[in-house]
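Notes for the one structure printed next.
The values are calculated or read from the model by the stated rules, or taken from the named source; none is laboratory data. Owing to the predicted nature of the structure, the values given are computational and were not obtained by experimental measurement. All Cβ positions, glycine included, derive from the backbone under ideal geometry; neighbour counts span all protein chains shown. Heavy atoms of the whole protein, side chains included, go into the accessibility calculation; ligands, DNA and RNA do not. Shrake-Rupley method; radii C 1.70, N 1.55, O 1.52, S 1.80 Å.
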Amino acid sequence: MRLRTEETANPKGTSAAGTWSAAWTTREIVVAAVLSVAVGVVFWTWGLLYATAFAAIPFPASYALVGVWMIGGLLVPYVIRRPGAAVVGELVAAFVSMVLVSQWGAAVLLSGLVQGVAAEAVFAGLRYRVYSTPILMLAGALAGVASIVLDSFLYGYWEAYSIGSIVVGAVLVAISGALLGGVISKLAGDALAGTGALSGLGISRERNRTD
Amino acid sequence: MSDAPRTGAGEAAAGATKLSGEARHSSRTFTGPPRIRARDLTFRYAERRDPALREVSFEVAPGETVLVLGPSGSGKSTLTLCLDGLIPHVVEGEYEGIVQVGRLIVEESDVPRLARDVGLVFQDPESQFATLTVADEVAFGLESLAAPPERIAEASRRALAAVGLVGFDARQLTTLSGGEKQRVALASVLAMGPQVIVLDEPSANLDPAGAVDLFRHLRGMARDGGHTLIVIEHRLDELVEWIDSVLVLDACGRVLFRGDPREAFYERSAELVAAGVWRPQTTELVLALKERGWLVPDRPLTVAETAATLAKTPGLLFALREPRDPGEPRDPGEPRVPDEPRAPDESAGGSDPPEPPGPPAIEVRDLTYSYDTSGSPALDAVTLAIPEAQVTAIVGANGAGKSTLAGLISGVLPAAPGSVFLGGMDACSIEERARFARVGHVFQNPEHQFVTGTVRGELVFSLTQRSSLGPSEVAHAALVDSWLDRFGLSELADAGPFTLSQGQKRRLSVAAMLIRGQSVLVLDEPTFGQDRRQADRLVGTLVEQSALERRTMLIVTHDMRLVAEHADSVVVLIQGAVAFHGPPSRLFQDEALLRRAGLALPAMGELGGLLRDLHAVENDFVAPADLLLAAGLPGDSVDGANAPTPSAATGPDPTPPTGRPDPSASVAGGLRPAAGTSAAGAYAAPGSAGEGSAAQGSAAPGSALDRYLARRNPALKLAVLLLVSLMLTAVFDPYTPAAFLALGLVVGSVLGGLTPWSVARAVAPLLVAGVGVFVANILFNRLNDVSPTLLVLGPIRVTEVALSTAASLTFRLLAFAVFSVVFVRTTDAGDLLLSLVHQVRLDERLVFGTMVGYRMLPLLTYEYGLIKAAHRVRGVPKGGGLLGATRRTWRYAIPLLAGAVRRAGRVAIAMDARAFGAGPRTYRTRSQVVAADWVFLVLGIAVPAGLILVLRLAGVTRFGIGV
């Protein structure tokens, strides 16, 4: 008997040679997309709360809440563990939240891209091998900082506010990205894996190895 | 297609000698090399301990139709994946043996190559579609194989014609009925021109009418012999007429039998029963007759054959012809129930069973219910009285309002005061916790109701709800143990509920509900997805337990066998109205009503009709036991006499044609699905709470999707949207973004057909967000120190620069949002994704994955509502402030996501089976960029830029706040 491992299981039948997604199986792509869509709904809901219930919280304190918007770029790579997963997760989630009529309009696509790339950089830097809690928190923090840099441009912070307040915002969003983004993604990924639904995906391969 | 010679006598015999004993199967023979050959196939999934298939060997001839049978977990579905190479190429595990399809050895061929020869159709249409429209779905496989567009068009046309869906090309998949959806799935496979088609319980999610619809086409395909068909099915009575042979797997994944159906169902019958396999009702009847000494000739399978055989059985017809009091219909299924309700006349509604002493357990008075204000009501003036301690079945076609009625009775859906009474009390006057302590509701998907981490925990949770005591494990332990034992869950006590098999999950959800001791229990499709033995055991335990505790049971089901065997009375709903309420035997005698209700006549009823035509008998039959009784034999002692009816084991209501809106309907048309907004609805399908899901169907003339903006290339439109947004980021005076805001409203109105009011309403919540922007500027604007003060509020100074900047940034937000709303509402999701592939060159696999995720969005919202309701029934406490709400949301989210991920896995399999990702795709149609699009792009940049330039020259526009 031959045990099919990660490498041999990668279907020769489903490889799209020459594209970044060649390494992904169809299931990984579809599961990543579905998770991203679900995260997109979370983004949208959070956006509603942010614009209403939390509206009175002014800049820069409001950035303590922004970490939730990093989840797509953290949960999806944590579950799938393939190159590109952070960008895909964050960008598709942003796309969905735009489609659900986000108050930030098409700007969310840019935010999704920038935040996804920032998180991706952390995972890529570790050659897509480490997905521990500290690394998820680091990726969340970096994505958060990237988001405030972009927002400063999109929403005019650099012009309107003092540099000190923007730095405070950056610190807050880094903490928020680590906790509301990184830790929540970790908990959600582990809870999902506990249901058995993620068997065969990167996260449960890793769990099996360490068990 | 079929290159092997085959005797044509089979068809002729089947057509001509309709009433001979063994019409077809014995006369149809196959020669030539086998189409499929499996040798010692063993497969074990990577994360399981035991193999799913063990040393499976069999052959299938070209043009042969094989029925695959086996209990749950016998590896039937695994076998289907082995035939088209998804095992071993995509699904991980240990693989041994050889499978050959034609000349291809599965293990050595790649999946796209195999996909040309073997097509797969799955159980749930919602879990196999990859696109949004019929034409796209049918073209999907050939596009994956990079076929030229002309060939795709031709093959699609033929495939749709073959399944009787000519002219359906442009339809959105969400607008189809269940039967139509499965025919589209079949067409999408046929278009690829496979020699072998494998169908894995294709009728499981269809209502009886939908199943008949699908089977009619499958029968034609089986008869013409052009394809080799491998069918896994439970509805044997409808299938036996057109299958050539059977393959039976046992619970361990071994081949139990391979060969002639007559031999399987007659000579090997005992083994099949022991293995928990469904048998045709006709064979159960004939075997029971033979057992009782009747000399029944032949081994009939179909209803027609059986009628002919019974006519030839010496003395049987004579026994059946015995005169009988015509005023007293036989109710052999009923003798257990002394006080059964009398059958009312079928004019329905006003006909109630006789009042038992005391108030009825459940009373429904003139109950009307609509999910949305515009649509037709899901329930229409329903009046019912259900006596205590009875088992009542609710039946009807998908969308007839069965689940709605059940939900209103249990309190999962809100009924108006004075319409639902429990034990004589208005249900609305009972506080929610007290109500769910009296009425339990077992949802169709057991996962929805799990609220703890272990099997034992589920039961303990319910017990703590029962008594007002805390979770004192000591006192409850013995009780919990006995329940675990009764439901066969003892060994799994510490396992996670989500890790159980489907049958175990169902048992757990029922046990966890029952242990709470409600006096009324509502069950939604309790036998769905279970094999014969599991279904029997579960329903048996339930009915037994409930009879002991005088529990009133209300069962929503398509399973006519369950109705025939266990129901004291049955309620038939047609389009939200009660069409019948009375004993099951009465219902089964009324063919016209059954047809009107979209219910299939059980095989025994059909048999009774044929015998009547032969002037043999006067009466009708519901179950084999009836005929036995008619022949003067004790009917209720027949071993498994009440065989599965044609409508056994049917599925959920994913696509109600009327009344309840389709859960996924809102994806159709405009980019904006109505998800999210309806997440709060308990039971209502998504879209029902959003705006006009029905109106989004297709680009009706005059709608937003027919206007100038809607016809522009989506990618270029997106580019314009981004550019306009970026231009705004340079501006810091209040007037320029306000002008853009107005421009957006005008463009949306003139070019997009969107009223400014509807757009404004969509962005209105942002006005609240504007407050935060003002506060931030008053506190932190960097020029507050040098700007003139307008107002002093205590310690806070409101400056001129703070106000003007805040106004500018708020208008900027609003303008972003307005342009975004206009874009979203004038763009079709499918078009946008296609355009992103063709114009932006995004990765096609990612884009198709996103399309699948997007299709699932309304379903996610729908399921979220279901889970929420299911947890309320379990007694999960409300309140608890922000922390409580967060914890609840988390509890809903995990089962929701787990279900979505599982579904995603099934869709991925269905996509792989159609060669997805084989290489660069071709496309049925290409997203075009025409001259008008370029003009739009230029104007889309020039007009806003010009606006800024003019306002700048007029001294209005400022590019910073410090000027």
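Quick notes on this one:
- Odd one out for B:I230 among (1) over 29 Å from B:V847 (Cα atoms); (2) of a type in the set (A, V, I, L, M); (3) open to solvent by 30 Å² or more (accessible area, probe 1.4 Å): (3)
- Pairs are defined by a Cβ separation below 7 Å, a sequence spacing of at least 6 or placement on different chains, a first member in the stretch B:809-838 that is within 20 Å of B:R855 (Cα to Cα), and a second member that is among the aromatic types (F, W, Y) and modelled with pLDDT under 90; the pairs so defined are B:A829/B:Y854.
- Some residue of the stretch A:143-159 being at pLDDT 90 or above, within 14 Å of A:A86 (Cβ to Cβ) and in contact with an Asp or Glu (Cβ under 9 Å, 6 or more places away or on another chain): yes
- If only residues of the stretch B:899-932 that are surrounded by fewer than 16 Cβ atoms within 10 Å (Cβ to Cβ) and in a helix (DSSP H, G or I) are counted, the one that is farthest from the other protein chains (Cβ to nearest Cβ) is B:A931.
- For B:D828, the conditions (1) within 8 Å of another protein chain (Cβ to nearest Cβ); (2) out of contact with any Pro (no Cβ under 7 Å at 6 or more places or on another chain); (3) of a type outside the set (K, R) are fulfilled apart from (1).
- Restricted to the stretch B:793-810, and to residues there that are away from chain A (no Cβ under 11 Å) and assigned to a helix (DSSP H, G or I), the residue that is nearest to B:F740 (Cα to Cα) is B:A807.
- Candidates B:L896, B:L834 - the one that is more than 10 Å from every other protein chain (Cβ to nearest Cβ) and at negative phi: B:L834
- Residue identified as in a helix (DSSP H, G or I) and surrounded by fewer than 22 Cβ atoms within 10 Å (Cβ to Cβ) among B:A147, B:A161: B:A161
- Helices (runs of 4 or more DSSP H) enclosed by the stretch A:124-189 - at least 3 residues per element that are open to solvent by 50 Å² or more (accessible area, probe 1.4 Å) and touching a residue at least 60 places away in the same chain (Cβ under 8 Å): A:163-176
- A single member of B:L832, B:L866, B:L836, B:L897 is farther than 30 Å from B:L79 by Cα and touching a Leu at 6+ places or on another chain (Cβ under 6 Å), and it is B:L836.
- Which numbered condition B:H838 fails, given (1) of a type outside the set (A, V, I, L, M, F, W, C); (2) under 30 Å from B:R171 (Cβ atoms); (3) open to solvent by 40 Å² or more (accessible area, probe 1.4 Å): (3)
- Flag for B:R888 being within 26 Å of B:S403 (Cα to Cα), open to solvent by 20 Å² or more (accessible area, probe 1.4 Å), in contact (Cβ under 8 Å) with a residue 12 or more places away in the chain and at the interface with chain A (Cβ under 10 Å from one of its Cβ atoms): no
- Restricted to the stretch A:110-119, and to residues there that are within 13 Å of the chain's Cα centre (by Cα) and within 14 Å of another protein chain (Cβ to nearest Cβ), the residue that is surrounded by the fewest Cβ atoms within 10 Å (Cβ to Cβ) is A:L113.
- Only one of the numbered conditions (1) at pLDDT below 90; (2) within 14 Å of another protein chain (Cβ to nearest Cβ); (3) crowded, with 16+ Cβ neighbours inside 10 Å is not met by B:G940, and that is (1).
- Sole residue being in contact with a helix residue (DSSP H, G or I) (Cβ under 8 Å, 6 or more places away or on another chain) and not in a helix (DSSP H, G or I), chosen from B:L814, B:L790: B:L790
- Selection of the stretch B:234-279 for residues being crowded, with 24+ Cβ neighbours inside 10 Å, within 21 Å of B:A308 (Cβ to Cβ) and either of a type in the set (G, A, S) or not assigned by TED's automatic domain parsing to the domain that holds B:S203 (or both) yields only B:A264.
- Sole exception among (1) crowded, with 19+ Cβ neighbours inside 10 Å; (2) among the β-branched types (V, I, T); (3) more than 30 Å from A:I80 (Cβ to Cβ) for B:V956, by number: (1)
- Filter pass, B:E126 being within 23 Å of B:G905 (Cβ to Cβ), within 14 Å of chain A (Cβ to nearest Cβ) and at pLDDT below 90: yes
- Scanning the stretch B:843-873 for residues that are more than 17 Å from B:L173 (Cα to Cα) and more than 10 Å from chain A (Cβ to nearest Cβ) returns B:Y862, B:E863, B:G865, B:L866, B:I867, B:K868, B:A869, B:A870, B:H871, B:R872, B:V873.
- Qualifying residue in the stretch B:779-787 (condition: open to solvent by 20 Å² or more (accessible area, probe 1.4 Å), more than 10 Å from chain A (Cβ to nearest Cβ) and not in a helix (DSSP H, G or I)): yes
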